[in-house]
Amino acid sequence: MVGSDDLNLNRRDLMVGAGACAAMPAMPGTAKAQPGPDGNPVEFQVSLTVNGKSHTRNVDTRTTLLDLLRENLHLTGTKKGCDHGQCGACTVIVDGRRINSCLTLAVMQEGSSVTTIEGLGQPDNLHPMQAAFIKHDGYQCGYCTPGQICSSVAMLEEIKAGIPSHVTADLLAPVQPTETEMRERMSGNICRCGAYSNIVEAITEVVERQG
Amino acid sequence: MKFDTPAGTSPIDQLKVIGRPTDRIDGKYKTTGTAPYAYERHDAVPNQAYGFVLGSAIAKGRIDAMHLSDARSAPGVLAIVTTLDTPRLGRGRMNAAYLFGGPVIQHYHQAIAVVVAETFEQARAAAHLIRVDYRQEPGKYDLEAEAPHAEPVASDSGEGSGAPHEARIGNFEEAFAAAPVKLDESYTTSDESHAMMEPHATIAAWNGDKLTLWTSNQMIAWGKGSIAKILGIPAENVRLDAPYVGGGFGGKLFIRADAVLAALGAKAAGRPVKLALTRPLIANNTTHRPATIQRIRIGANPDGTITAIAHESTSGNLADGKPETAVDQTRLLYAGANRLTALRLAHLDLPEGNAMRAPGEAPGLLALEIAMDEMAEKLGIDPVQFRIINDTQVDPEKPERRFSHRDLVGCLRHGAERFGWDRRQQQPGHVRDGRWLVGYGMAVGFRNNLLTKSAARVRLDGRGMVTVETDMTDIGTGSYTILAQTAAEMMGVPLEMVNVRLGDSAFPASAGSGGQWGANNSTAGVYAACVKLREAVAAKLGFNSAEAVFADNEVRSGNRSVPLAAAASGGELVAEDMIEYGDLAKKQQQSTFAGHFAEVGVDAATAEIRVRRMLAVCAAGRILNPKSARSQVIGAMTMGVGAALMEKLAVDTKRGFFVNHDLAGYEVPVHADIPHQDVVFLDEVDPMSSPMKAKGVAELGICGVGAAVANAVYNATGIRVRDYPLTLDKLIERLPEAV
């Protein structure tokens, strides 16, 4: 994803790291969430814009952006699949870039502009990507779907902006929205129902319509 | 309605709505984030508190003490319920492990406490302040080590797959010894996790002694009975509601700890409680598909005729758990006069093994269909032809019992032609495309069709709207849409005039979602209710119901036609009925069939495997909605690629748990792993199955597909791997020298 070239990390290191993370929850004596010195949770005020609407809230500093959206603002379209940045169900668009909202704390989003699935379109006013997912049956149970749709909308913008991926062969030429590029870039969004083949067809249709 | 004679012609056969590739009616909710899943029902009940479940840190033993004072005094904590202050609770339907209560630990991450607090963060922080004194006991965690002590056990998966501990026809040993061409090999499959995207989640609220659970469950009526049994309360005091279920794959067939602990937490806190199992808890706290060790022996004549076939499978489970019924399909799939199947079960202290998508057939065909590929090679016969030679139209164990409809040969012939199977090089390791070694593989898919009763209620209102109510679930399967299509077809209205309400235990009990029985049975239940509603409408409007035609929002007979809505002008008409089955399925075997084809590339230097093309040709009766049915099949094919190439719960055989218990460590296919997938449904109906003439398709798609991939890897490299998943470390040392 965006910014990955800042990290001096190859695929093997990444896999080793992921394996260690996977084993961690089994270890005794992992770090515990710390309340404030008086035993009470530390709260902090945060102001941000969600789907064009301004919100100011006092939030527990441990609250993720995901839980702020779901539990505080009741925007439950953004899903919690793993709470660890492993599945992509919580993907939202923050200041134009897609992120896993479970991996950022709400207090880190002061002044941010967040777009969630509810902001892209509504049942009677669908975003073209939402309509394409319906037409191509790019979902089944629907739980990963908002994340897939937010991710695909932002992913196409990344391609337009010329940001390369692991499968980009020519770093000097404009990046093309090929199926291989899309499959690579969407791989952070897991669909256990296995609608991948249809999702790529849905995104392709949106690309073709955009010309 | 009793279905005990083959279906004749009915309004369903008009195919104005049924059989069309309709977009899902719930699509606009799922794609906009407005479909409510269990944890998201803010509006269901006010004043919800948050629960956090703590799992055991040992796999086997006892808890001597739990130190709660820090947790109790943590900010926001409302209640803590521990396994020590709860007597061991009863078990629900099909639960092998106890979900909660008592000091005994049966498996790692078994639930031992729930903390209820004002916020999620507070409940989580407090849960980590609980200190537990464990007394660990030695356990058995290694299937390979325990397999020699496994006992013969008969089993029924409860999902359409079953076998006696041993089934013998003819004299296998003699025939195998005499066979001119023989194969005797062992195959292993891995422990796998359902890894559905929506974690198990429940909101529980008590109103006096009445309990409501907004939950995520595939089988509402089973769940209602089970939670009542577990909590020791009357079933009529329980209501379950699950209008949307974020995937299940068998992992949500039965009540799990989320529902039990939400209910106990809500009781203790005196407030509604919502909780979800955290992702790292799911693999060990809930169920998984058990690993298997399978031995297959096949003997054949040089012309390819199988004369002897034996399939034995060993798996492990907790006490009261069942074996994986991996040999079931071998009793029905191929001809052969001398046959043997056997199931053995070893005791393991790992988490409970239970149903996962196509239990039995999914791992069974992974093994059998490699064996068939190996046997075809020994015989020098094309693998497609070898299967066709050994096709059977009767139950090989009971030749007087025919298949109701079996066109496996059609699947294979059509598939071979469409895939370009004739371009396959029989000699493995001989096709190069740049750095890739390229191979083709195929396998047969097979899964039984199950008949089970299913009820529904149908309402007609004064606007002519038809509302379907049943406790059927839509777990991604397309239930909303096919039930709406059924009602629209029967009542002669367009799809927009049908509302479907699902997943509420207050509605009539349906077949539920599992074992690929959902679509055929639940639509048949709606069919039955619609037949009654048509009679009520005809009576109200003064028509002879046998002659009345329902079409275009009207009821017609002769030259008289009346708007359908007029029948409800004086008040809503309501009809309820149930489909029940006679013994048609006993008289004839009902199964579904597929030919799976795959092309893979294997990197000549690194052994990285890429699936390049996939095709499934399916024969599964009438396809009610080809669009959503195709999605079921491609999704199952995707999970089959996972089983073939990456999915494996890694067992810590010393400490007794699945180590890779999250979605990074447990690898499932992602976008980059899956190419375009091609699916063809043969145009057929099966009048023996139900008035819908449909059969299941959702699990057929996973059956055999992994073996097609494995056989393609063999064809690409000449390396036969019999130990799933086919990870590159099993190939890399044996790769052919790079040219």
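Here A:Met182 clears all of (1) within 17 Å of the chain's Cα centre (by Cα); (2) within 7 Å of another protein chain (Cβ to nearest Cβ) except the condition numbered (2).
Condition test on B:Phe249, is it outside any helix (DSSP H, G or I), under 22 Å from B:Met472 (Cα atoms) and away from every other protein chain (no Cβ under 14 Å)? Considered against the rule, which asks whether it is outside any helix (DSSP H, G or I), under 22 Å from B:Met472 (Cα atoms) and away from every other protein chain (no Cβ under 14 Å), B:Phe249 comes out as no. Whenever a residue of region B:713-725 is farther than 20 Å from B:Trp436 by Cβ, its partners that are in a loop (DSSP other than H, G, I, E, B), lying with C-beta atoms within less than 8 angstrom and at least six residues away or across chains, give the pairs B:Tyr724/B:Ser190; B:Tyr724/B:Lys648. Restricting attention to region B:129-167, the residues being open to solvent by 30 Å² or more (accessible area, probe 1.4 Å) and touching a helix residue (DSSP H, G or I) at 6+ places or on another chain (Cβ under 8 Å) number 3. Filtering region B:336-370 to residues that are surrounded by fewer than 24 Cβ atoms within 10 Å (Cβ to Cβ) and either in a helix (DSSP H, G or I) or among the hydrophobic types (A, V, I, L, M, F, W, C) (or both) leaves B:Ala337, B:Leu340, B:Ala342, B:Ala346.
Residues that are under 23 Å from the mean Cα position of the chain (by Cα) and of a type outside the set (S, T, N, Q) number at least 1 in the following strands (runs of 3 or more DSSP E) confined to region B:390-492: B:436-448, B:454-460. When region B:499-536 is limited to residues that are surrounded by fewer than 24 Cβ atoms within 10 Å (Cβ to Cβ) and of a type in the set (A, V, I, L, M, F, W, C), the one that is nearest to B:His194 (Cα to Cα) turns out to be B:Trp517.
Residues that are among the acidic types (Asp, Glu) and farther than 26 Å from B:Gly250 by Cβ: list the strands (runs of 3 or more DSSP E) wholly contained in region B:552-654 that include at least 1 such residues.
On the way: elements: B:554-557, B:560-563, B:573-581, B:591-603, B:609-619.
Answer list for region B:552-654: B:554-557, B:573-581, B:591-603.
Restricting attention to region B:3-17, the residues that are open to solvent by 20 Å² or more (accessible area, probe 1.4 Å), among the hydrophobic types (A, V, I, L, M, F, W, C) and in contact with a helix residue (DSSP H, G or I) (Cβ under 7 Å, 6 or more places away or on another chain) total 1. Select from region B:80-109 the residues that are open to solvent by 10 Å² or more (accessible area, probe 1.4 Å) and under 24 Å from the mean Cα position of the chain (by Cα) and list them in ascending order. Within region B:80-109, B:Arg91, B:Arg93, B:Met94, B:Asn95, B:Tyr98, B:Leu99, B:His109 meet the criteria. Output the residues belonging to region B:273-298 that are more than 14 Å from every other protein chain (Cβ to nearest Cβ) and surrounded by fewer than 24 Cβ atoms within 10 Å (Cβ to Cβ). Within region B:273-298, B:Ile293, B:Arg295, B:Arg297 qualify. Taking the criterion of being crowded, with 24+ Cβ neighbours inside 10 Å and β-branched (Val, Ile, Thr), the residues of region B:215-246 that qualify are B:Thr215, B:Ile220, B:Ile227, B:Val245.
One residue stands out in region B:18-38 among those that are among the polar types (S, T, N, Q) and at the interface with chain A (Cβ under 7 Å from one of its Cβ atoms): the one that is most open to solvent (accessible area, probe 1.4 Å), namely B:Thr34. Here B:His109 passes the criteria (1) out of contact with any Ser or Thr (no Cβ under 7 Å at 6 or more places or on another chain); (2) touching a residue at least 60 places away in the same chain (Cβ under 8 Å) except the one numbered (1).
Going residue by residue through region A:194-202, is there one that turns out to be within 13 Å of chain B (Cβ to nearest Cβ), among the acidic types (Asp, Glu) and under 23 Å from B:Arg24 (Cβ atoms)? Even if it seems obvious, please write down each step before you answer.
Narrowing region A:194-202 to residues within 13 Å of chain B (Cβ to nearest Cβ): A:194-202.
Within this subset, residues satisfying the condition of being among the acidic types (Asp, Glu) are A:201.
Now drop any that are not under 23 Å from B:Arg24 (Cβ atoms), which leaves A:201.
Checked region A:194-202: at least one residue is within 13 Å of chain B (Cβ to nearest Cβ), among the acidic types (Asp, Glu) and under 23 Å from B:Arg24 (Cβ atoms).
Among the residues of region B:604-623, those identified as within 14 Å of another protein chain (Cβ to nearest Cβ) and more than 19 Å from the chain's Cα centre (by Cα) are B:Thr606, B:Glu608, B:Arg610, B:Val611, B:Arg612, B:Arg613, B:Met614, B:Leu615. Take the conditions (1) surrounded by fewer than 19 Cβ atoms within 10 Å (Cβ to Cβ); (2) small (Gly, Ala, Ser); (3) touching a helix residue (DSSP H, G or I) at 6+ places or on another chain (Cβ under 6 Å); B:Gly718 misses just one of them, which is (3). Being assigned by TED's automatic domain parsing to the domain that holds B:Ala716, crowded, with 18+ Cβ neighbours inside 10 Å and either of a type in the set (S, T, N, Q) or out of contact with any Pro (no Cβ under 8 Å at 6 or more places or on another chain) (or both) is true of B:Ala598. Output the number of residues of region B:166-183 satisfying the condition of being in a strand (DSSP E or B) and under 20 Å from B:Val327 (Cβ atoms). The qualifying residues number 6. Selection of first residues in region B:658-670 that are facing another protein chain (nearest Cβ under 7 Å) and of second residues that are open to solvent by 10 Å² or more (accessible area, probe 1.4 Å) and acidic (Asp, Glu), restricted to Cβ pairs under 9 Å at least 6 apart or on distinct chains, gives the following pairs, ordered by first then second residue: B:Val659/B:Asp652; B:Asn660/B:Glu667.
Contact map, region A:107-133: first residue more than 7 Å from chain B (Cβ to nearest Cβ), second residue open to solvent by less than 40 Å² (accessible area, probe 1.4 Å) and of a type in the set (D, E, K, R), Cβ cut-off under 6 Å, separation 6 or more or different chains; pairs are A:Ala132/A:Glu205.
Please determine whether any residue of region B:221-234 is within 19 Å of the chain's Cα centre (by Cα) and assigned to a loop (DSSP other than H, G, I, E, B). No: zero hits.
If you check A:Leu172, A:Leu156 for being more than 12 Å from chain B (Cβ to nearest Cβ) and at pLDDT below 95, only one passes: A:Leu172.
For region B:307-331, filtering for residues that are over 19 Å from B:Glu369 (Cβ atoms) and part of a loop (DSSP other than H, G, I, E, B) leaves 6.
Scanning region B:42-52 for residues that are buried (at least 20 other Cβ atoms within 10 Å of the Cβ) and either within 12 Å of B:Tyr244 (Cα to Cα) or among the small types (Gly, Ala, Ser) (or both) returns B:Ala49, B:Gly51. Being at the interface with chain A (Cβ under 10 Å from one of its Cβ atoms), open to solvent by less than 10 Å² (accessible area, probe 1.4 Å) and not polar (S, T, N, Q) is the filter here; which residues of region B:671-700 pass it? Of everything in region B:671-700, those that are at the interface with chain A (Cβ under 10 Å from one of its Cβ atoms), open to solvent by less than 10 Å² (accessible area, probe 1.4 Å) and not polar (S, T, N, Q) turn out to be B:His671, B:Ile674.
The values are calculated or read from the model by the stated rules, or taken from the named source; none is laboratory data. A quick note: this is a predicted structure, and the numbers were derived from the prediction, not measured. FYI the Cβ positions are ideal-geometry reconstructions off the backbone, even for glycines, and counts take in every protein chain you see. We work out accessible area using only protein heavy atoms, side chains counted, and drop any ligands, DNA or RNA first. Shrake-Rupley method; radii C 1.70, N 1.55, O 1.52, S 1.80 Å.
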